[in-house]
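Taking it in order: structure first as C-alpha coordinates, then the write-up.
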Amino acid sequence: MYPSLHFMKLYKICYTFAQRLEKGLLAALADKIPCMSLDAFQQIQHLLEEIEQAQPQGAEEVEQFRLRFLGTKNILKPLMGEIRNVPNEQKREFGQLINTAKERAELKYEVLRRDQEAAAESAQAAHIDLTAPGEPLDLGSRHPVAITLNRIVSIFERIGFVVAEEREIEDDWHNFTAMNTPEDHPARDMQDTYYMRNSAEILLRTHTSSVQARVMTSQKPPIRIIAPGRVYRNETISARSHCQFHQVEGLYIDKGVSFADMKQTLYYFAREMYGPDTRIRLRPSFFPFTEPSAEMDVSCFICNSKGCNVCKYSGWVEILGCGMVDPQVLLNCGIDPEVYSGFAFGMGIERQAMMLYTITDIRLLFENDTRFLKQFGAAL
Ligand code: PHE
(Lines give C-alpha, C1' and ligand atoms only; values in the text may rest on other atoms or scores of the structure.)
Protein backbone atom coordinates (compact mmCIF):
# COMPACT_ATOMS: atom_id res chain seq x y z
CA MET A 1 0.00 0.00 0.00
CA TYR A 2 2.84 2.23 0.69
CA PRO A 3 3.71 2.90 -2.84
CA SER A 4 0.07 3.43 -3.69
CA LEU A 5 -0.27 5.77 -0.74
CA HIS A 6 2.69 7.57 -2.01
CA PHE A 7 1.26 7.67 -5.39
CA MET A 8 -2.00 9.04 -4.07
CA LYS A 9 -0.16 11.77 -2.20
CA LEU A 10 1.85 12.59 -5.19
CA TYR A 11 -1.24 12.65 -7.27
CA LYS A 12 -2.97 14.97 -4.80
CA ILE A 13 -0.02 17.28 -4.70
CA CYS A 14 0.12 17.31 -8.45
CA TYR A 15 -3.59 17.85 -8.66
CA THR A 16 -3.65 20.84 -6.29
CA PHE A 17 -0.62 22.22 -7.99
CA ALA A 18 -2.27 21.87 -11.34
CA GLN A 19 -5.43 23.43 -9.97
CA ARG A 20 -3.50 26.34 -8.54
CA LEU A 21 -1.58 26.69 -11.70
CA GLU A 22 -4.74 26.76 -13.73
CA LYS A 23 -6.30 29.30 -11.41
CA GLY A 24 -3.19 31.39 -11.54
CA LEU A 25 -3.04 31.20 -15.27
CA LEU A 26 -6.67 32.08 -15.63
CA ALA A 27 -6.25 34.96 -13.25
CA ALA A 28 -3.16 36.03 -15.04
CA LEU A 29 -4.97 35.78 -18.37
CA ALA A 30 -7.96 37.65 -16.98
CA ASP A 31 -5.54 40.31 -15.93
CA LYS A 32 -3.78 40.16 -19.21
CA ILE A 33 -6.74 40.96 -21.47
CA PRO A 34 -7.52 44.45 -20.18
CA CYS A 35 -3.84 44.88 -19.82
CA MET A 36 -3.27 44.15 -23.51
CA SER A 37 -5.97 46.59 -24.68
CA LEU A 38 -4.58 49.25 -22.42
CA ASP A 39 -1.22 48.72 -24.10
CA ALA A 40 -2.74 49.08 -27.53
CA PHE A 41 -4.45 52.30 -26.46
CA GLN A 42 -1.23 53.56 -25.05
CA GLN A 43 0.66 52.60 -28.16
CA ILE A 44 -1.78 54.52 -30.34
CA GLN A 45 -1.45 57.53 -28.05
CA HIS A 46 2.30 57.34 -28.37
CA LEU A 47 2.10 57.04 -32.12
CA LEU A 48 -0.21 60.03 -32.32
CA GLU A 49 2.31 62.04 -30.34
CA GLU A 50 5.09 60.78 -32.52
CA ILE A 51 3.23 61.81 -35.68
CA GLU A 52 2.55 65.21 -34.17
CA GLN A 53 6.11 65.82 -33.12
CA ALA A 54 7.95 64.25 -36.04
CA GLN A 55 10.15 66.69 -37.89
CA PRO A 56 11.80 64.70 -40.64
CA GLN A 57 14.48 66.63 -42.47
CA GLY A 58 15.28 65.99 -46.09
CA ALA A 59 13.79 63.62 -48.63
CA GLU A 60 15.15 60.51 -46.94
CA GLU A 61 13.64 61.18 -43.54
CA VAL A 62 10.33 62.14 -45.11
CA GLU A 63 10.34 58.82 -46.93
CA GLN A 64 11.05 57.04 -43.67
CA PHE A 65 8.10 58.82 -42.09
CA ARG A 66 5.92 57.65 -44.96
CA LEU A 67 7.08 54.07 -44.70
CA ARG A 68 6.55 53.99 -40.93
CA PHE A 69 3.01 55.34 -40.94
CA LEU A 70 1.66 54.88 -44.45
CA GLY A 71 3.76 52.19 -46.16
CA THR A 72 2.47 48.70 -46.93
CA LYS A 73 4.04 47.44 -43.73
CA ASN A 74 3.16 50.45 -41.63
CA ILE A 75 3.13 50.37 -37.87
CA LEU A 76 -0.59 50.98 -37.60
CA LYS A 77 -1.48 47.72 -39.31
CA PRO A 78 -0.55 45.26 -36.52
CA LEU A 79 -2.28 47.54 -34.03
CA MET A 80 -5.43 47.19 -36.05
CA GLY A 81 -5.24 43.44 -35.33
CA GLU A 82 -5.27 44.23 -31.61
CA ILE A 83 -8.89 45.21 -31.89
CA ARG A 84 -9.75 41.57 -31.17
CA ASN A 85 -8.47 41.96 -27.65
CA VAL A 86 -10.20 45.22 -26.94
CA PRO A 87 -13.40 44.95 -24.89
CA ASN A 88 -16.47 45.38 -27.06
CA GLU A 89 -17.50 48.71 -25.58
CA GLN A 90 -14.10 50.18 -26.43
CA LYS A 91 -13.73 48.75 -29.93
CA ARG A 92 -15.35 51.78 -31.53
CA GLU A 93 -13.13 54.25 -29.74
CA PHE A 94 -10.08 52.14 -30.56
CA GLY A 95 -10.96 52.01 -34.26
CA GLN A 96 -11.49 55.75 -34.34
CA LEU A 97 -8.12 56.35 -32.72
CA ILE A 98 -6.37 54.26 -35.35
CA ASN A 99 -8.18 56.18 -38.10
CA THR A 100 -7.21 59.48 -36.54
CA ALA A 101 -3.60 58.39 -36.45
CA LYS A 102 -3.78 57.37 -40.10
CA GLU A 103 -5.42 60.66 -41.16
CA ARG A 104 -2.92 62.75 -39.21
CA ALA A 105 -0.03 60.84 -40.74
CA GLU A 106 -1.48 61.37 -44.24
CA LEU A 107 -2.00 65.07 -43.61
CA LYS A 108 1.45 65.53 -42.19
CA TYR A 109 3.02 63.61 -45.04
CA GLU A 110 1.18 65.78 -47.59
CA VAL A 111 2.54 68.95 -45.95
CA LEU A 112 6.04 67.47 -45.77
CA ARG A 113 5.89 66.41 -49.41
CA ARG A 114 4.82 69.89 -50.54
CA ASP A 115 7.56 71.50 -48.50
CA GLN A 116 9.99 69.12 -50.16
CA GLU A 117 8.73 70.07 -53.62
CA ALA A 118 8.92 73.79 -52.88
CA ALA A 119 12.41 73.37 -51.52
CA ALA A 120 13.43 71.43 -54.62
CA GLU A 121 11.94 74.14 -56.86
CA SER A 122 13.68 76.98 -55.11
CA ALA A 123 16.91 75.00 -55.22
CA GLN A 124 16.41 74.76 -58.97
CA ALA A 125 15.54 78.44 -59.19
CA ALA A 126 18.82 79.23 -57.54
CA HIS A 127 20.45 77.76 -60.62
CA ILE A 128 18.74 80.06 -63.14
CA ASP A 129 20.84 80.72 -66.18
CA LEU A 130 20.76 84.49 -66.44
CA THR A 131 22.30 84.40 -69.88
CA ALA A 132 19.47 82.29 -71.36
CA PRO A 133 17.01 84.18 -73.61
CA GLY A 134 13.71 85.09 -71.84
CA GLU A 135 10.26 83.66 -72.51
CA PRO A 136 8.51 85.93 -75.02
CA LEU A 137 5.73 87.97 -73.39
CA ASP A 138 2.25 87.57 -74.81
CA LEU A 139 1.40 91.23 -75.28
CA GLY A 140 -2.10 90.92 -76.64
CA SER A 141 -3.50 93.39 -79.15
CA ARG A 142 -5.99 96.21 -79.40
CA HIS A 143 -9.54 95.33 -80.29
CA PRO A 144 -10.55 96.58 -83.77
CA VAL A 145 -13.44 98.52 -82.21
CA ALA A 146 -11.03 100.21 -79.78
CA ILE A 147 -8.60 101.04 -82.59
CA THR A 148 -11.36 102.63 -84.66
CA LEU A 149 -12.85 104.44 -81.68
CA ASN A 150 -9.49 105.85 -80.60
CA ARG A 151 -8.84 107.09 -84.10
CA ILE A 152 -12.18 108.89 -84.26
CA VAL A 153 -11.76 110.42 -80.81
CA SER A 154 -8.25 111.69 -81.51
CA ILE A 155 -9.39 113.34 -84.77
CA PHE A 156 -11.96 115.38 -82.84
CA GLU A 157 -9.60 116.06 -79.95
CA ARG A 158 -7.30 117.79 -82.42
CA ILE A 159 -9.96 120.45 -83.04
CA GLY A 160 -10.80 121.04 -79.39
CA PHE A 161 -13.44 118.44 -78.55
CA VAL A 162 -13.17 117.04 -75.03
CA VAL A 163 -14.06 113.44 -74.13
CA ALA A 164 -17.18 113.03 -71.97
CA GLU A 165 -17.92 109.53 -70.73
CA GLU A 166 -21.23 108.65 -69.14
CA ARG A 167 -23.26 105.77 -67.76
CA GLU A 168 -24.61 102.91 -69.84
CA ILE A 169 -27.52 102.35 -67.45
CA GLU A 170 -29.63 105.43 -68.04
CA ASP A 171 -32.98 106.81 -67.02
CA ASP A 172 -35.81 107.31 -69.43
CA TRP A 173 -35.54 111.10 -69.25
CA HIS A 174 -31.92 111.43 -70.39
CA ASN A 175 -32.20 108.76 -73.08
CA PHE A 176 -35.58 109.73 -74.55
CA THR A 177 -37.67 112.51 -73.01
CA ALA A 178 -34.94 115.16 -72.81
CA MET A 179 -33.97 114.23 -76.36
CA ASN A 180 -37.43 115.29 -77.51
CA THR A 181 -38.69 111.72 -77.75
CA PRO A 182 -41.54 111.67 -75.22
CA GLU A 183 -43.38 108.52 -74.27
CA ASP A 184 -45.57 107.22 -77.12
CA HIS A 185 -43.36 108.97 -79.69
CA PRO A 186 -43.10 106.59 -82.65
CA ALA A 187 -39.31 107.11 -82.79
CA ARG A 188 -39.04 105.09 -79.57
CA ASP A 189 -40.01 101.96 -81.49
CA MET A 190 -36.86 102.20 -83.58
CA GLN A 191 -34.74 102.09 -80.45
CA ASP A 192 -36.34 99.41 -78.30
CA THR A 193 -34.03 98.43 -75.47
CA TYR A 194 -33.68 96.50 -72.21
CA TYR A 195 -35.49 97.82 -69.16
CA MET A 196 -34.84 97.02 -65.53
CA ARG A 197 -37.32 94.45 -64.27
CA ASN A 198 -38.51 96.57 -61.37
CA SER A 199 -38.52 99.96 -63.09
CA ALA A 200 -39.52 100.98 -66.60
CA GLU A 201 -37.72 104.25 -65.86
CA ILE A 202 -34.26 102.66 -65.90
CA LEU A 203 -32.87 101.24 -69.11
CA LEU A 204 -29.72 100.45 -71.06
CA ARG A 205 -29.04 103.52 -73.20
CA THR A 206 -29.95 103.14 -76.85
CA HIS A 207 -27.59 105.83 -78.08
CA THR A 208 -24.83 108.09 -76.80
CA SER A 209 -27.19 111.04 -77.32
CA SER A 210 -28.11 110.58 -73.65
CA VAL A 211 -24.68 112.10 -72.91
CA GLN A 212 -25.88 115.30 -74.62
CA ALA A 213 -28.57 115.64 -71.94
CA ARG A 214 -26.11 114.75 -69.14
CA VAL A 215 -23.59 117.36 -70.28
CA MET A 216 -26.07 120.13 -71.12
CA THR A 217 -27.71 119.87 -67.69
CA SER A 218 -24.40 119.97 -65.85
CA GLN A 219 -22.21 122.35 -67.90
CA LYS A 220 -22.64 125.83 -69.27
CA PRO A 221 -21.95 126.62 -72.96
CA PRO A 222 -19.64 126.76 -74.77
CA ILE A 223 -19.80 122.97 -74.87
CA ARG A 224 -17.64 120.93 -77.23
CA ILE A 225 -17.66 117.25 -76.32
CA ILE A 226 -17.07 113.89 -77.92
CA ALA A 227 -18.73 110.95 -76.14
CA PRO A 228 -17.62 107.43 -76.99
CA GLY A 229 -19.31 104.43 -75.43
CA ARG A 230 -21.37 101.29 -75.59
CA VAL A 231 -25.07 101.31 -76.40
CA TYR A 232 -27.76 98.63 -76.47
CA ARG A 233 -30.80 97.81 -78.55
CA ASN A 234 -33.29 94.99 -78.51
CA GLU A 235 -32.21 93.65 -81.90
CA THR A 236 -32.02 90.14 -83.23
CA ILE A 237 -28.35 89.21 -83.41
CA SER A 238 -27.19 88.56 -86.97
CA ALA A 239 -24.13 89.08 -89.16
CA ARG A 240 -25.13 92.73 -89.56
CA SER A 241 -26.67 93.77 -86.25
CA HIS A 242 -26.11 93.11 -82.57
CA CYS A 243 -27.87 93.94 -79.30
CA GLN A 244 -24.78 95.88 -78.18
CA PHE A 245 -22.50 98.16 -80.13
CA HIS A 246 -20.48 101.36 -79.80
CA GLN A 247 -21.14 104.92 -80.81
CA VAL A 248 -19.33 108.22 -80.72
CA GLU A 249 -21.46 111.28 -80.09
CA GLY A 250 -20.40 114.84 -80.80
CA LEU A 251 -22.00 118.00 -79.44
CA TYR A 252 -21.05 121.61 -79.99
CA ILE A 253 -23.08 124.40 -78.36
CA ASP A 254 -22.13 128.06 -78.45
CA LYS A 255 -23.39 131.42 -79.66
CA GLY A 256 -23.90 131.49 -83.41
CA VAL A 257 -23.05 127.87 -84.30
CA SER A 258 -24.34 127.18 -87.81
CA PHE A 259 -25.09 124.27 -90.13
CA ALA A 260 -22.02 125.31 -92.14
CA ASP A 261 -19.86 124.82 -89.02
CA MET A 262 -21.22 121.30 -88.70
CA LYS A 263 -20.63 120.50 -92.33
CA GLN A 264 -17.05 121.73 -92.24
CA THR A 265 -16.32 119.85 -89.00
CA LEU A 266 -17.66 116.59 -90.43
CA TYR A 267 -15.84 117.14 -93.72
CA TYR A 268 -12.59 117.56 -91.77
CA PHE A 269 -13.37 114.33 -89.90
CA ALA A 270 -14.13 112.37 -93.09
CA ARG A 271 -10.85 113.37 -94.72
CA GLU A 272 -8.80 112.66 -91.60
CA MET A 273 -10.45 109.28 -91.18
CA TYR A 274 -10.74 108.06 -94.78
CA GLY A 275 -8.09 109.99 -96.66
CA PRO A 276 -7.67 113.53 -98.12
CA ASP A 277 -9.64 112.77 -101.30
CA THR A 278 -12.76 111.70 -99.42
CA ARG A 279 -15.97 113.50 -100.36
CA ILE A 280 -19.06 113.80 -98.20
CA ARG A 281 -22.78 113.92 -98.93
CA LEU A 282 -25.53 115.05 -96.56
CA ARG A 283 -28.97 113.55 -97.13
CA PRO A 284 -32.01 115.06 -95.37
CA SER A 285 -33.22 112.80 -92.57
CA PHE A 286 -35.14 112.86 -89.30
CA PHE A 287 -34.11 112.65 -85.66
CA PRO A 288 -36.40 113.96 -82.89
CA PHE A 289 -33.52 115.84 -81.27
CA THR A 290 -32.11 117.68 -84.30
CA GLU A 291 -33.69 120.08 -86.78
CA PRO A 292 -32.77 120.07 -89.58
CA SER A 293 -31.34 116.55 -89.56
CA ALA A 294 -29.15 114.72 -92.02
CA GLU A 295 -27.36 111.49 -92.66
CA MET A 296 -23.82 111.73 -93.87
CA ASP A 297 -22.26 109.47 -96.49
CA VAL A 298 -18.59 109.37 -97.42
CA SER A 299 -17.31 108.43 -100.84
CA CYS A 300 -16.47 104.73 -100.78
CA PHE A 301 -12.86 104.40 -99.68
CA ILE A 302 -12.76 100.73 -100.55
CA CYS A 303 -13.41 101.03 -104.28
CA ASN A 304 -12.79 104.76 -104.65
CA SER A 305 -16.50 105.15 -105.54
CA LYS A 306 -16.21 102.80 -108.50
CA GLY A 307 -18.74 100.41 -106.94
CA CYS A 308 -18.15 97.40 -104.68
CA ASN A 309 -19.82 95.13 -102.15
CA VAL A 310 -19.26 97.54 -99.26
CA CYS A 311 -20.97 100.53 -100.91
CA LYS A 312 -23.41 98.20 -102.66
CA TYR A 313 -22.30 99.69 -105.99
CA SER A 314 -23.57 103.16 -105.04
CA GLY A 315 -20.13 104.71 -104.49
CA TRP A 316 -21.23 106.03 -101.06
CA VAL A 317 -21.26 104.59 -97.54
CA GLU A 318 -23.40 106.01 -94.76
CA ILE A 319 -21.47 106.66 -91.57
CA LEU A 320 -23.37 109.03 -89.29
CA GLY A 321 -26.50 110.96 -88.33
CA CYS A 322 -26.33 114.66 -87.54
CA GLY A 323 -28.21 117.93 -87.32
CA MET A 324 -28.72 121.21 -85.53
CA VAL A 325 -29.72 120.64 -81.91
CA ASP A 326 -33.51 121.07 -81.70
CA PRO A 327 -34.41 124.23 -79.65
CA GLN A 328 -36.75 122.03 -77.59
CA VAL A 329 -33.75 119.89 -76.50
CA LEU A 330 -31.89 123.04 -75.40
CA LEU A 331 -34.98 124.15 -73.44
CA ASN A 332 -35.35 120.70 -71.84
CA CYS A 333 -31.78 120.96 -70.62
CA GLY A 334 -32.01 124.55 -69.36
CA ILE A 335 -30.14 126.29 -72.19
CA ASP A 336 -31.70 129.38 -73.82
CA PRO A 337 -32.22 128.63 -77.56
CA GLU A 338 -32.53 132.38 -78.22
CA VAL A 339 -28.90 132.80 -77.16
CA TYR A 340 -27.29 129.48 -78.07
CA SER A 341 -27.36 127.10 -80.96
CA GLY A 342 -25.39 124.00 -81.76
CA PHE A 343 -24.95 120.85 -83.73
CA ALA A 344 -24.75 117.20 -82.80
CA PHE A 345 -23.76 114.03 -84.57
CA GLY A 346 -23.63 110.35 -83.72
CA MET A 347 -21.89 107.48 -85.45
CA GLY A 348 -21.66 103.74 -85.00
CA ILE A 349 -18.17 102.30 -84.57
CA GLU A 350 -18.63 98.65 -85.51
CA ARG A 351 -19.74 99.39 -89.06
CA GLN A 352 -16.73 101.61 -89.65
CA ALA A 353 -14.36 99.06 -88.08
CA MET A 354 -15.87 96.38 -90.29
CA MET A 355 -15.33 98.47 -93.39
CA LEU A 356 -11.79 99.42 -92.41
CA TYR A 357 -10.74 95.84 -91.71
CA THR A 358 -13.12 94.09 -94.13
CA ILE A 359 -14.83 92.14 -91.35
CA THR A 360 -17.97 90.54 -92.69
CA ASP A 361 -19.72 89.45 -89.47
CA ILE A 362 -20.37 91.84 -86.58
CA ARG A 363 -20.57 88.92 -84.12
CA LEU A 364 -16.83 88.36 -84.47
CA LEU A 365 -16.34 91.66 -82.65
CA PHE A 366 -18.04 90.36 -79.51
CA GLU A 367 -16.92 86.76 -79.33
CA ASN A 368 -13.46 87.44 -77.86
CA ASP A 369 -11.92 84.70 -79.96
CA THR A 370 -8.20 85.33 -79.63
CA ARG A 371 -7.53 83.79 -83.05
CA PHE A 372 -9.55 86.67 -84.50
CA LEU A 373 -8.27 89.37 -82.15
CA LYS A 374 -4.58 88.48 -82.57
CA GLN A 375 -4.79 89.55 -86.20
CA PHE A 376 -4.93 93.17 -85.08
CA GLY A 377 -1.61 93.07 -83.24
CA ALA A 378 0.09 95.21 -85.85
CA ALA A 379 -2.81 97.61 -86.44
CA LEU A 380 -2.37 100.61 -84.21
N1 PHE B 1 -28.54 109.11 -81.80
C2 PHE B 1 -28.70 108.88 -83.21
C3 PHE B 1 -28.76 107.38 -83.45
O4 PHE B 1 -28.38 106.62 -82.60
C5 PHE B 1 -27.58 109.50 -84.00
C6 PHE B 1 -27.57 111.00 -83.95
C7 PHE B 1 -26.84 111.64 -82.96
C8 PHE B 1 -28.27 111.74 -84.89
C9 PHE B 1 -26.82 113.02 -82.91
C10 PHE B 1 -28.24 113.11 -84.84
C11 PHE B 1 -27.53 113.74 -83.86
O12 PHE B 1 -29.17 106.94 -84.49
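When segment 324-373 is examined, which residues are found to be within 20 Å of Gln247 (Cβ to Cβ), aromatic (Phe, Trp, Tyr) and more than 16 Å from the ligand (Cβ to nearest atom)?
Hits for segment 324-373 are Tyr357, Phe366.
Could you check segment 66-114 and list, in sequence order, the residues that are assigned to a loop (DSSP other than H, G, I, E, B) and either touching a His at 6+ places or on another chain (Cβ under 8 Å) or surrounded by 15 or more Cβ atoms within 10 Å (Cβ to Cβ) (or both)?
Applying the first criterion (assigned to a loop (DSSP other than H, G, I, E, B)) to segment 66-114 yields 71-75, 86-87.
Matches in segment 66-114: Asn74, Ile75, Val86.
Sort out which residues of segment 339-380 are within 27 Å of the chain's Cα centre (by Cα) and in a strand (DSSP E or B), and write them in order of number.
Gly348
Criterion first (out of contact with any strand residue (DSSP E or B) (no Cβ under 8 Å at 6 or more places or on another chain) and hydroxyl-bearing (Ser, Thr, Tyr)) does Ser210 satisfy it?
Numbers: out of contact with any strand residue (DSSP E or B) (no Cβ under 8 Å at 6 or more places or on another chain): no; hydroxyl-bearing (Ser, Thr, Tyr): yes.
For Ser210, the condition - out of contact with any strand residue (DSSP E or B) (no Cβ under 8 Å at 6 or more places or on another chain) and hydroxyl-bearing (Ser, Thr, Tyr) - is not met.
Quick check on segment 265-292: of everything there that is within 16 Å of the ligand (Cβ to nearest atom) and of a type in the set (Val, Ile, Thr), which residue is surrounded by the most Cβ atoms within 10 Å (Cβ to Cβ)?
Thr290
Restricting to segment 215-233, and then to whatever is away from the ligand (no atom under 14 Å from the Cβ) and not in a strand (DSSP E or B), can you tell me which residue is farthest from Tyr340 (Cα to Cα)?
The extreme case among them is Ser218.
Output the number of the condition that Glu295 fails; it satisfies all remaining conditions of (1) surrounded by fewer than 17 Cβ atoms within 10 Å (Cβ to Cβ); (2) over 34 Å from the mean Cα position of the chain (by Cα); (3) within 16 Å of the ligand (Cβ to nearest atom); (4) not hydrophobic (A, V, I, L, M, F, W, C).
Every condition holds for Glu295 apart from (1).
Please determine, by comparing only the residues of segment 116-150 that are assigned to a helix (DSSP H, G or I) and among the charged types (D, E, K, R), which one is farthest from Gly377 (Cα to Cα).
So, considering only residues that are assigned to a helix (DSSP H, G or I) and among the charged types (D, E, K, R), the one farthest from Gly377 (Cα to Cα) is Glu117.
For Thr193, state whether it is surrounded by 19 or more Cβ atoms within 10 Å (Cβ to Cβ) and over 23 Å from Ile253 (Cβ atoms). Reasoning before the result, please.
Details: surrounded by 19 or more Cβ atoms within 10 Å (Cβ to Cβ): yes; over 23 Å from Ile253 (Cβ atoms): yes.
Answer is yes for this residue.
Among the numbered criteria (1) at pLDDT below 95; (2) not in a helix (DSSP H, G or I), which single criterion is violated by Asp336?
(1)
Of the residues Ala260, Ala294, only one is without any contact (Cβ under 8 Å) to a residue 40 or more places away in the chain and assigned to a helix (DSSP H, G or I); which?
Working: Ala294 fails: assigned to a helix (DSSP H, G or I).
Matching residue, one of Ala260, Ala294: Ala260.
Being surrounded by fewer than 10 Cβ atoms within 10 Å (Cβ to Cβ) and closer than 27 Å to Gln375 by Cα is the filter here, so list the residues in segment 115-172 that pass it.
Within segment 115-172, Pro133, Gly134, Glu135, Pro136, Leu137, Asp138, Leu139 qualify.
Does any residue in segment 74-103 that is closer than 26 Å to Gln53 by Cα come within less than 9 Å, Cβ to Cβ, of a residue that is modelled with pLDDT under 85 and not in a helix (DSSP H, G or I) six or more places away or on a different chain, and which pairs are these?
Short answer, once both residue conditions are applied: Glu93/Val86; Phe94/Val86; Gly95/Val86.
Checking the conditions here, which among Ala200, Ala178, Ala187 is touching a Ser or Thr at 6+ places or on another chain (Cβ under 9 Å), among the aliphatic types (A, V, I, L, M) and surrounded by fewer than 23 Cβ atoms within 10 Å (Cβ to Cβ)?
On the way: Ala200 fails: touching a Ser or Thr at 6+ places or on another chain (Cβ under 9 Å); Ala178 fails: surrounded by fewer than 23 Cβ atoms within 10 Å (Cβ to Cβ).
Of Ala200, Ala178, Ala187, the one residue that is touching a Ser or Thr at 6+ places or on another chain (Cβ under 9 Å), among the aliphatic types (A, V, I, L, M) and surrounded by fewer than 23 Cβ atoms within 10 Å (Cβ to Cβ) is Ala187.
Of all residues in segment 238-252, which are more than 19 Å from Met347 (Cβ to Cβ) and either polar (S, T, N, Q) or at pLDDT 95 or above (or both)? Steps first, answer last, please.
Taking segment 238-252 and keeping what is more than 19 Å from Met347 (Cβ to Cβ), we get 238-239.
Within segment 238-252, Ser238 is the sole residue that qualifies.
All but one of (1) over 40 Å from the mean Cα position of the chain (by Cα); (2) within 16 Å of the ligand (Cβ to nearest atom); (3) not aromatic (Phe, Trp, Tyr) hold for Gly321; state the number of the condition that does not hold.
(1)
Residues are listed down the side, and each one gets a yes or a no for (1) of a type in the set (Phe, Trp, Tyr); (2) at pLDDT below 75; (3) farther than 30 Å from Ala123 by Cβ:
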{"position": "Cys35", "(1), (2), (3)": "no, yes, yes"}
{"position": "Asp39", "(1), (2), (3)": "no, no, yes"}
{"position": "Glu50", "(1), (2), (3)": "no, no, no"}
{"position": "Pro56", "(1), (2), (3)": "no, no, no"}
{"position": "Ile83", "(1), (2), (3)": "no, no, yes"}
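Mind checking which residues of segment 336-349 are more than 23 Å from Tyr268 (Cβ to Cβ) and touching a helix residue (DSSP H, G or I) at 6+ places or on another chain (Cβ under 6 Å)? Give the steps one after another, and end with the answer.
We begin by selecting, within segment 336-349, every residue more than 23 Å from Tyr268 (Cβ to Cβ); these are 336-339.
Across segment 336-349, the qualifying residue is only Pro337.
Let's see how each residue does on (1) touching a helix residue (DSSP H, G or I) at 6+ places or on another chain (Cβ under 8 Å); (2) at pLDDT below 95; (3) under 30 Å from Glu201 (Cα atoms); (4) among the hydroxyl-bearing types (Ser, Thr, Tyr):
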residue	(1), (2), (3), (4)
Glu103	no, yes, no, no
Ser122	no, yes, no, yes
His127	no, yes, no, no
Leu130	no, yes, no, no
Leu137	no, yes, no, no
Val153	no, no, no, no
Phe156	yes, no, no, no
Asn175	yes, no, yes, no
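Inside segment 262-316, can you point out the residues that are β-branched (Val, Ile, Thr) and at pLDDT 95 or above? It would help to see each step written out before you state the result.
Kept after step one, since they are β-branched (Val, Ile, Thr), are these residues of segment 262-316: 265, 278, 280, 290, 298, 302, 310.
Within segment 262-316, Thr265, Thr278, Ile280, Thr290, Val298 qualify.
Kindly indicate the residue of segment 185-214 that is touching a residue at least 24 places away in the same chain (Cβ under 8 Å) and among the hydroxyl-bearing types (Ser, Thr, Tyr) and also nearest to the ligand (Cβ to nearest atom) among those meeting that condition.
If we take residues in segment 185-214 being touching a residue at least 24 places away in the same chain (Cβ under 8 Å) and among the hydroxyl-bearing types (Ser, Thr, Tyr), then Ser209 is nearest to the ligand (Cβ to nearest atom).
The values are calculated or read from the model by the stated rules, or taken from the named source; none is laboratory data. What you are looking at is a predicted structure, and each value in this text was computed from that prediction instead of being measured. Heads up, the Cβs are rebuilt from the backbone with ideal geometry, glycines too, and the neighbour counts pull from every protein chain shown.
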